[in-house]
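*Asks:* To start, I am sharing the structure in question, which I have written as structure tokens.
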Amino acid sequence: MIKNNFVEEIEIICKDKKIQYIDAIVIWCEKNNLELENAAYWIKKDPVLKFKIQAEAENLNFLKKGAKLPI
């Protein structure tokens, strides 16, 4: 599987079902009969997707909030 296909499919799932990235990845793994650890490889390879998931996890208080610059 090519990295871009994974990222595109996650984006499509997020938009179609109006869900968060973390949930979309779980759905994608269930659909493709893969363990979440396998998806971690593709997430690590895409810095944009990794940042989106990190920001989402911080908002859900799964991770400590990092320093952010004021906009």
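*Asks:* Are there any chymotrypsin sites (Phe, Trp or Tyr not before Pro) in the stretch 1-69 that are in a DSSP loop and have at most 12 other Cβ atoms within 10 Å? List them by number. Before the final figure, lay out the partial values.
*Replies:* Details: sites: F6, Y21, W28, Y41, W42, F51, F62; in loops: F62.
Passing sites in the stretch 1-69 are F62.
*Asks:* Would you mind working out the magnitude of the charge dipole of the chain relative to its Cα centre, with +1 at each Lys and Arg C-beta and -1 at each Asp and Glu C-beta, to the nearest 20 Debye?
*Replies:* Details: 12 positive and 11 negative charges, 71 e Å.
Result for the chain is approximately 340 debye, rounded to the nearest 20.
*Asks:* Let me ask another. Determine the share of the chain's accessible area contributed by carbon and sulfur atoms, expressed in whole percent, with a 1.4 angstrom probe.
*Replies:* On the way: 3170 of 5550 Å².
Roughly 57 percent of what the probe reaches on the chain is carbon or sulfur.
*Asks:* Mind listing which trypsin sites (Lys or Arg not before Pro) in the stretch 3-42 are in a DSSP loop and have 10 or fewer other Cβ atoms within 10 Å?
*Replies:* On the way: sites: K3, K15, K17, K18, K31; in loops: K18.
Sites meeting the loop and neighbour criteria: K18.
The values are calculated or read from the model by the stated rules, or taken from the named source; none is laboratory data. Everything numeric in this text was worked out from a predicted model, so none of it was measured. Cβ coordinates were reconstructed from backbone atoms using ideal geometry, including for glycine residues, and neighbour counts include every protein chain displayed. Ligands, DNA and RNA are stripped out before the accessible areas are found, and what is left, the full protein with its side chains, is counted by its heavy atoms. Shrake-Rupley method; radii C 1.70, N 1.55, O 1.52, S 1.80 Å.
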